[in-house]
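*Asks:* Could you have a look at this structure, given as structure tokens, before my questions?
The values are calculated or read from the model by the stated rules, or taken from the named source; none is laboratory data. Bear in mind that the values here come from a model prediction, so they are computed numbers and not experimental data. Glycine also receives a Cβ, built like all others from the backbone with ideal geometry; neighbour counts cover every protein chain displayed. Ligands, DNA and RNA are excluded from the accessible area calculation, which covers all protein heavy atoms including side chains. Shrake-Rupley method; radii C 1.70, N 1.55, O 1.52, S 1.80 Å.
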Amino acid sequence: MSIMKYFLALSATAAALLIGCGDSATDSTVTNEVEIQQDSVALPDTSNKADSGSVTDPQEGKDTTAAPKDSVPAFTIPEEAAEITAELTITKDTGKGLLLDDFEDGDNMSLLGENYWYTYDDTDNDGASIILTPLTEEGYPKARRSDNGTNYAWAVYFKLDKGEYKYDPYVGWGVELPDDSTLDYAHLGGVTYWYKGCAHEIHVETSDIKDYDVHLAKLPAARTWTKASIRFKDLEQGGWGKEVAFDAAHLVKISFQAKGNGKNDSVLIDNIYLQDTSEVAKDTADMEIKDAEIPEVTIGDITITNELQAKAMKYLDKGINITNWLEEDGTLFKGTFKFNEEDVKLMADNGIKSLRLPIDLDQYATNRDKFVADTTGTVELAFDDTNLFAVLDSFVEWTGKHGMSFVIDYHEYDNSYNLTNAKKPRYTKMMASVWKHVAEHYASNEREDIFFELLNEPDMSQGKVTSALWHAAAQEDIDSIRTVDTKHTIIFGDAQWYSISLLAKSTPFADNNIIYAIHTYEPFVFTHQSANWTDLKTVKNLMFPYDKEKWSEYSADFGVTKAVPKNYKNSILNYYRIGNKEYILKTILPAKEWAVKNNVPIIINEFGAYNLKTDKQSVLNYMTAMREIGDTLQIPLTHWGYTGGFALFESEGASPKGTKLIEGMKEAFGL
């Protein structure tokens, strides 16, 4: 290849995978929202200059720069001041590692060989983001003069605009590492660099990653020059692809990415140094090994005379959820069963008594958005009954045949019921109309063990919908259902993820055929350790219950890194207090006390522990504790998960279908 300065362009598929979504998405946005500062992008009324996101093919030597789209506004970078005063003088690491680039040559070639800094954006995925760098007169990127005591730093200026892109918009920049047998990357253990500007991610990429779920660290915004030090052992993958162990020997690229919608900002970086393992900061003892502290719990009278209590215990205990199917964003039933009667029979044969089917019901309203937008009141909601009732009727038939109750759980991962839509009368009317349609279909069904669950965890992605707003919408749903079906029991859970505290402050509905639900995953740091869609993805080795003999003075032994939020670090620090059955019981008890006070039944229809990496005996200990709590408080339990991360049943290979009950689970869950 001839020596040529160029940009590397990502394919649409590759770029799409850079934005990752798991069993709770949430996790793909930049952690710090920032204001526009001196180094942010300017929007002057000038014509478009050369776009640093252009592509030059190094093989052909042919410029393939595309002209800016007419829809993209004029966009440029701030002019350099005639004189620049350094706000400080940054340091440059030297030693056994490798200085990737200090930018003092002013160009875009790294110090490790003929590899050039590139940029990319989300336009191939229908985004409208723009990223620019200073350019030479020939149109090639160059470093810009710096205010950090050095001559030059690398600078990018960007406008983040999701356009028609489904996920958070993004821009990125990076440089490949030489594929040179004389360079041994295996001895490297970390990376340091200085930066100034927007919150961003650093991606430390290896050839082992085939699906763009790269190892990364997140950095907060900094409006003065700040040094970042990242140990490779603290890196984490985004979580949407295959989990791969990090191996520095296979390093191929160092890159950066900024995300978020509607932001104009910038990032300057300098003095990027790849550390030798001997130069990386060592773990420090930051915890104490303490005796377990078991809270005292006083349980009063738990008698509930309401006949629905007996019904709940009969039909809704020892239940299971089918997950990662019809609740997922954009997943509609089209005639193919991911799970079928074989699965229902397997569950029933192993003692499972109830099946909760999460399904996003409003996705089968074919003109939902038109109905919500209607201001005339003349648009009638239409449904894809063929597919909606093909799947629901099948599970009604199979559960009836195999002696299991059936819960239709309106469950949406697209979070369309959010704070904005919760305030729209037409949206809540749409939800009520959906429930009326479903309830009318089953009104004549004589089974008393079919249940209608109004909406799982309202506003589950953000938790901003208030209890008052949700209660009003739920009442509308209840009224709508009761116009066609007074027989079947409704299940209601409060806002903020079926909050126990919110429910305990509420007043039951007047309808006397409602069962109330809560969810609990306490202690969360145990039940969600290593879950790749959470901020606990690096956390590991937590046992249940807490065991002094297995504890450590080093939080790093439990996967705690700088990226783990403070509240989770505190939970691990206090695990000797919360890692026990009595702590869980104490958190659930207020819900039972509320139920007794109001003489209404309460159920737990989501609980469980993510078990792909967690100690198997600890998971069984947790399940035993939950079963004992349910028995003590007479609260029916439905486990979150059939197979997969939260599983009661084993599966083979990539198949989601269960094969047999996990060893020890029969005794733990009391099946």
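*Asks:* Is the stretch 551-564 home to any residue that is within 18 Å of the chain's Cα centre (by Cα), within 22 Å of P458 (Cα to Cα) and among the β-branched types (V, I, T)?
*Replies:* Within the stretch 551-564, not a single residue is within 18 Å of the chain's Cα centre (by Cα), within 22 Å of P458 (Cα to Cα) and among the β-branched types (V, I, T).
So that you can scan it fast, the table gives a plain yes or no per residue for (1) outside any strand (DSSP E or B); (2) under 19 Å from P78 (Cα atoms):
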position: Y120; (1), (2): no, no
position: E137; (1), (2): yes, yes
position: S181; (1), (2): yes, no
position: D184; (1), (2): yes, no
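*Asks:* Please go through the stretch 482-522 and give me each residue that is of a type in the set (S, T, N, Q), surrounded by fewer than 16 Cβ atoms within 10 Å (Cβ to Cβ) and more than 23 Å from F406 (Cα to Cα), ordered by number.
*Replies:* Answer for the stretch 482-522, where residues must be of a type in the set (S, T, N, Q), surrounded by fewer than 16 Cβ atoms within 10 Å (Cβ to Cβ) and more than 23 Å from F406 (Cα to Cα): S501, T507.
*Asks:* A follow-up question, please. Just one of (1) open to solvent by 60 Å² or more (accessible area, probe 1.4 Å); (2) touching a residue at least 12 places away in the same chain (Cβ under 8 Å) trips up E549, so point out which.
*Replies:* Checking E549 against (1) open to solvent by 60 Å² or more (accessible area, probe 1.4 Å); (2) touching a residue at least 12 places away in the same chain (Cβ under 8 Å), the one that fails is (2).
*Asks:* Hey, F246 hits all of (1) more than 14 Å from L188 (Cβ to Cβ); (2) assigned to a loop (DSSP other than H, G, I, E, B); (3) modelled with pLDDT of 95 or more; (4) not charged (D, E, K, R) but one; which does it fall short on?
*Replies:* With (1) more than 14 Å from L188 (Cβ to Cβ); (2) assigned to a loop (DSSP other than H, G, I, E, B); (3) modelled with pLDDT of 95 or more; (4) not charged (D, E, K, R) applied to F246, the lone miss is (1).
*Asks:* Look through S181, S146 and report the one residue that is modelled with pLDDT under 95, out of contact with any Gly (no Cβ under 9 Å at 6 or more places or on another chain), farther than 19 Å from T277 by Cβ and crowded, with 21+ Cβ neighbours inside 10 Å.
*Replies:* The unique qualifying residue is S146.
*Asks:* Within the stretch 590-604, identify whether any single residue is crowded, with 21+ Cβ neighbours inside 10 Å, farther than 30 Å from T489 by Cα and in contact with a helix residue (DSSP H, G or I) (Cβ under 8 Å, 6 or more places away or on another chain), and answer yes or no.
*Replies:* Scanning the stretch 590-604 turns up no residue that is crowded, with 21+ Cβ neighbours inside 10 Å, farther than 30 Å from T489 by Cα and in contact with a helix residue (DSSP H, G or I) (Cβ under 8 Å, 6 or more places away or on another chain).
*Asks:* For the stretch 121-143: of the residues being among the small types (G, A, S) and at negative phi, which is surrounded by the fewest Cβ atoms within 10 Å (Cβ to Cβ)?
*Replies:* Among those that are among the small types (G, A, S) and at negative phi, it is A128.
*Asks:* May I ask you to list the residues in the stretch 482-536 that are small (G, A, S) and touching a Pro at 6+ places or on another chain (Cβ under 6 Å)?
*Replies:* Passing the criteria: A495, A504.
*Asks:* Here is a follow-up. State whether one or more residues within the stretch 456-467 are in a helix (DSSP H, G or I), buried (at least 23 other Cβ atoms within 10 Å of the Cβ) and in contact with a helix residue (DSSP H, G or I) (Cβ under 8 Å, 6 or more places away or on another chain).
*Replies:* Within the stretch 456-467, none of the residues are in a helix (DSSP H, G or I), buried (at least 23 other Cβ atoms within 10 Å of the Cβ) and in contact with a helix residue (DSSP H, G or I) (Cβ under 8 Å, 6 or more places away or on another chain).
*Asks:* Look through the stretch 249-285, keep the residues that are assigned to a strand (DSSP E or B) and in contact with an Asp or Glu (Cβ under 6 Å, 6 or more places away or on another chain), and return whichever of them is most open to solvent (accessible area, probe 1.4 Å).
*Replies:* Here the residue is V252.
*Asks:* To continue, here is another question. Could you check, for the stretch 185-199, whether at least one of its residues is at pLDDT below 95 and either of a type in the set (S, T, Y) or surrounded by fewer than 21 Cβ atoms within 10 Å (Cβ to Cβ) (or both)?
*Replies:* no
*Asks:* Can you find even one residue in the stretch 354-365 that is surrounded by 21 or more Cβ atoms within 10 Å (Cβ to Cβ) and of a type in the set (G, A, S)?
*Replies:* Yes - at least one qualifying residue is present in the stretch 354-365.
*Asks:* Still on this model: Suppose we filter the stretch 267-303 for residues that are under 29 Å from P545 (Cβ atoms) and either within 33 Å of the chain's Cα centre (by Cα) or touching a residue at least 40 places away in the same chain (Cβ under 8 Å) (or both); how many remain?
*Replies:* Number of matching residues: 19.
*Asks:* Which residues, taken from the stretch 410-428, are open to solvent by less than 40 Å² (accessible area, probe 1.4 Å) and without any contact (Cβ under 8 Å) to a residue 60 or more places away in the chain?
*Replies:* Matches in the stretch 410-428: Y410, N415, S416, Y417, N418, N421, A422, Y427, T428.
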